[in-house]
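These notes concern the structure reproduced below.
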Amino acid sequence: MAALRSAILGDMLEGMRAHAARSLLIFGAVTLGAFALTVLLSVSHGLELRTDALVRQLGERTFVVLGDKFPSTGPALRLQPDMASMLRADMGNIDTSVVRNDVATVPGFPEPVQVIATDERLAGVRGWKLTAGRFLDQGDVVHAERELVVAESLSQAWNLQVRDIFTLGRTPFTIVGIVATPQSSLEAQVLARDIVVPDHSVFVPYSVEPDWIAGGSSAPVGVDAIYVQSREQVDISGALASVTNLLSQAGLSTAHLQWVTPASLSVGLKRLKDMVVVTAGGVAVLSMLLGGITLASLMLANVRDRVVEIGLRRAFGARSRDIVQLFILEALCITLAASVLGSAIAVVVLLLAGPLPLPASPDAYSVLVPLGFGLGLGALSAWWPARLAARIQPAQALRSA
């Protein structure tokens, strides 16, 4: 057995030396394919983990009603803050919160901020934790107080503290709290851009006159979304039907409404995964197939170049299956080494790289699949050349010599 392994290793090295260009092409193509396949599977796993996190952030018992922000038939179609109060009163055992999203520039700072006009219930409905101070309270909303809460990421980026003055438009606000919100990212915006909180966000009472919006007092009236959270496990579809019925009774055209639920987040994940599979998956498969085709051609060339060697092996007692085994193991050595290298490079790059546009989480599956694919490709590519080599007889070798 040791002699066989030594012979296989020697034959493999000799074959690579004699056909260096083709060997490097095989090795490079399979390595690239394994790299791309590992990245693809790591991104797929990362998307699953991130979507689970998004669902947990939204809450299994929480859904969002989205209104028409720019209705063509007038402002009456917009969601209104009192609709949230009506839902709480009529449905019972639920909590609600309203949100209106605006963008404003801040004097003295280089980037605009997301202004989230809301009520005192949002942090509780979303399950956010305060890192300093407090969140908005009922008095802030009722009296339209110029109080403001800053997202933790913005507080760290701009060195903002509780009791600092923060000016939006022409109105100065006092920072009363800092809240930890989920980090914004590209995949979060693709999966749930209607509920994601950008890193540079501030929270103000929705009752404050939004003079930071172009047009000031003529700005659109209403809110963009109503969060509905049940205090007990409920059927989401039944709750959606109840909310739709109540909003229609309030005079809202429910045909313009949209919904964000845990199920809709899963649909968004599937679409994003399909897009990744089509792009990165195509590169991975094509690279692997190129390596397999080149490997098959190299093995056929090896058979032609080694007719005398194969005949001598047969003359000294080598069986057909010994020849088949020799060629297949040579191919497996090349594809296994290339697959290991490609997967290892991918894992190192993903672990050492900074923030990526899409989440990537390498696991055992994302590493073992490319190795298995490489081994299978090597075996399939070498099978037919190996069978041809096994049919060579000693007499044929003598005539070639």
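The values are calculated or read from the model by the stated rules, or taken from the named source; none is laboratory data. Nothing here was measured: the structure is a model prediction, and the numbers come from that model. As a convention, Cβ positions derive from the backbone with ideal geometry for all residues, glycine included, and neighbour counts pool all protein chains shown. Surface areas here come from the heavy atoms of the whole protein model, side chains and all, with no ligands, DNA or RNA. Shrake-Rupley method; radii C 1.70, N 1.55, O 1.52, S 1.80 Å.
Here is how the numbers come out for the structure above:
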| item | result |
| --- | --- |
| Of all residues in region 351-401 being assigned to a loop (DSSP other than H, G, I, E, B) and open to solvent by 70 Å² or more (accessible area, probe 1.4 Å), the one that is modelled with the highest pLDDT | Arg391 |
| Which listed residue is open to solvent by less than 70 Å² (accessible area, probe 1.4 Å) and under 30 Å from Leu66 (Cα atoms), from Leu265, Leu332 | Leu265 |
| Answer residue from region 295-327, given it is of a type in the set (A, V, I, L, M, F, W, C), assigned to a helix (DSSP H, G or I) and open to solvent by 30 Å² or more (accessible area, probe 1.4 Å) and is modelled with the highest pLDDT among those | Leu300 |
| Residue among Ser264, Ser287, Ser237 that is at pLDDT 75 or above and either within 25 Å of the chain's Cα centre (by Cα) or part of a helix (DSSP H, G or I) (or both) | Ser264 |
| Single match in Ser320, Ser339 (criterion: among the hydroxyl-bearing types (Ser, Thr, Tyr) and more than 43 Å from the chain's Cα centre (by Cα)) | Ser320 |
| Total residues in region 49-94, condition modelled with pLDDT of 80 or more and either under 23 Å from the mean Cα position of the chain (by Cα) or aromatic (Phe, Trp, Tyr) (or both) | 4 |
| Region 209-230, subset surrounded by fewer than 21 Cβ atoms within 10 Å (Cβ to Cβ) and β-branched (Val, Ile, Thr), residue modelled with the lowest pLDDT | Val221 |
| Residue selected from region 183-207 under the condition touching a strand residue (DSSP E or B) at 6+ places or on another chain (Cβ under 7 Å) and in a loop (DSSP other than H, G, I, E, B), by the criterion modelled with the highest pLDDT | Tyr206 |
